[in-house]
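Here's the structure, in structure tokens; my notes come after.
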Amino acid sequence: MGARVVLFGATGYTGARTAEAMVGRGLQPVLAGRDADRLAALAQRLGGLEVAVAQVTDEESVAALVGRGDVLVSTVGPFATLGTPAVAAAVRAGAVYLDSTGEPPFIRAVHERWGPDAERSGAALLTAFGNDYVPGVLAGALALRAAGDGADRVDVGYFISGLGKGQPFSRGTLRSLAGIGTQQLYAWRDGALHTEPAGARMRTFDVAGRPRPGVTIGASEQFALPRIAPGLRTVDVYLGWFGRASAAVHAGARLAPLLSRVPARAVAATADLLTRRVRTAPAADALAGARSHFVAEVFDVTGTLLARTRLTAPEPYAITADLLAWGAQRAAEQGVHGTEALDAVTAFGLDDLVAGAAEAGIVEST
Ligand SMILES: NC(=O)c1ccc[n+]([C@@H]2O[C@H](COP(=O)([O-])OP(=O)(O)OC[C@H]3O[C@@H](n4cnc5c(N)ncnc54)[C@H](OP(=O)(O)O)[C@@H]3O)[C@@H](O)[C@H]2O)c1
């Protein structure tokens, strides 16, 4: 018997896929969300699960979802506007918390704003426990282990290949992306976290035999990898989803100081409006043949490459659902190492994370 697992956001696209992955692993999560009828229908489809109604605008209803030692998984996003009540509830209860965010300002807030409170209450916070940004943390940790002493810089790249026709993102992802483009993000430079816009740097990686460009983004690696290798002076994470448009994103980074003055709520309202007609789910054809690729390269202080790790995996939504389900089950049955804001390697140990990631189809490639 493990701890109770509560999945908040279960009726969303990512939430429903996570619920299915949890049930597939033998878990019986409590399905939580704001719509009682849709929760009941999903619970019935998945074999008869407990449900709980909670609404982000009523913080007490979210707090009531979770007790000490429970595992709370949240897929309620955009996290910039909807994510805080679930973190606050987990911190208050002393629970283990995992979420599906990919939003850098939210990740930063979990580490800097909520981490110290979590340490005091005995909660463990695992933010961005999906495609964003577990595989890069894992690849980075493996490359650091292979590099041995002398690591000074790590570059991580995220790529996708084989996308078919149609909308490749869920509506939830598009709404969350809109918020990121206008925010000041962060980088790990000279051994400290610095604020800088998305796309401030650009470089090319060799991915499946082809040169592919990527632009920088704030992620989990800037928090995780310096904890794993305290001597690291630089950590950069590159997003390679923009293809040839990467140069335009890189150039657009100069507008970030201006755009970041637009209040987050105004950005969220505009994104809501613009994406109203977008389908909730990505097109099945777009994702069917897609592969994810992750690269981590470790350099010494002279810029010499010490080690490179490549991982390959299925499409991002499959990885996210499977990682969240694995992480929730591991946390419920065996607990996690530590309290406060953790990263996947610290929470589970590198070798166990390698095994868990492999269950999600994330494996080393040449
Ligand atoms: N890290 C990654 O790699 C990754 C992968 C996948 C998704 N994501 C992120 O995960 C988030 C969810 O994505 P999605 O595709 O599942 O989006 P979605 O289908 O729009 O789901 C959003 C969920 O939030 C719920 N919600 C919205 N407002 C709420 C409120 N006031 N109170 C309670 N619940 C509320 C929705 O409830 P209803 O069902 O009642 O509308 C729904 O369950 C997004 O931020 C996305 O960017 C990240």
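With only Cα atoms counted, the chain has Rg and Dmax values of 19.3, 60 Å. The listed peptides 327-336, 55-64, ordered by packing as a protection proxy, come out as 327-336, 55-64 (highest mean of other Cβ atoms within 10 Å first). What the phi angles of the stretch 63-79 give under the Karplus curve with 6.51, -1.76 and 1.60, with θ = phi - 60°, is a coupling list of 4, 5, 6, 10, x, 4, x, 5, 10, 9, 10, 10, 10, 8, x, x, 6 Hz, glycine and proline written as x.
Most simply put, the chain has about 55% antiparallel DSSP beta bridges, counting only bridges with both residues inside it. In the assembled protein chains, H194 presents an accessible area of approximately 80 Å² (probe radius 1.4 Å). For the chain, the solvent-accessible area of protein heavy atoms averages 42 Å² per residue (probe radius 1.4 Å; ligands and nucleic acids excluded). Amide H contacts for V30 (H built 1.01 Å from N in the peptide plane; partners 5 or more residues away or on another chain; cut-off under 5 Å): V5, V6, L7. Quick one: Debye curve from the alpha-carbon atoms of the stretch 194-344 only, equal weights, vacuum; give me log10 I(q)/I(0) at q = 0.08, 0.12, 0.20 Å⁻¹ to two decimals. Each listed q maps to, in turn, -0.33, -0.77, -1.51.
Under a 5 Å amide H cut-off, with hydrogens placed 1.01 Å from N, F205 pairs with R212, G214 among residues at least 5 apart or on other chains.
Net charge in the neighbourhood of Q329 (other residues with Cβ under 15 Å of its Cβ; Lys, Arg +1, Asp, Glu -1) is -3.
Considering amide H positions built from the backbone, and no H for Pro or chain starts, which residues 5 or more places from A281, or on another chain, come under 5 Å of its amide H? Residues meeting the amide H criterion: R171. Applying 1/(1 + (r/R0)^6) with r as the Cβ-Cβ distance of A288 and D37 and R0 = 35 angstrom yields a FRET efficiency of 0.70. Quick one: pull the percent of accessible area on the stretch 1-121 belonging to carbon and sulfur, 1.4 Å probe, ligands and nucleic acids left out. The C+S portion of the solvent-accessible surface of the stretch 1-121 is 48 percent. Once the C-beta distance of R210 and T366 is scaled by a Förster radius of 25 Å, the resulting FRET efficiency is 0.95 to the nearest 0.05. Protection proxy ranking, highest mean first, for peptides 209-217, 72-80: 72-80, 209-217, where packing is the per-residue count of other beta-carbon atoms within 10 Å, averaged.
The values are calculated or read from the model by the stated rules, or taken from the named source; none is laboratory data. Since we're looking at a predicted model, the values are computed, not measured. All Cβ positions, even for glycine, are placed from backbone atoms using ideal geometry, and neighbour counts span all protein chains on display. Surface accessibility is based on the protein's heavy atoms, side chains included, excluding ligands, DNA and RNA. Shrake-Rupley method; radii C 1.70, N 1.55, O 1.52, S 1.80 Å.
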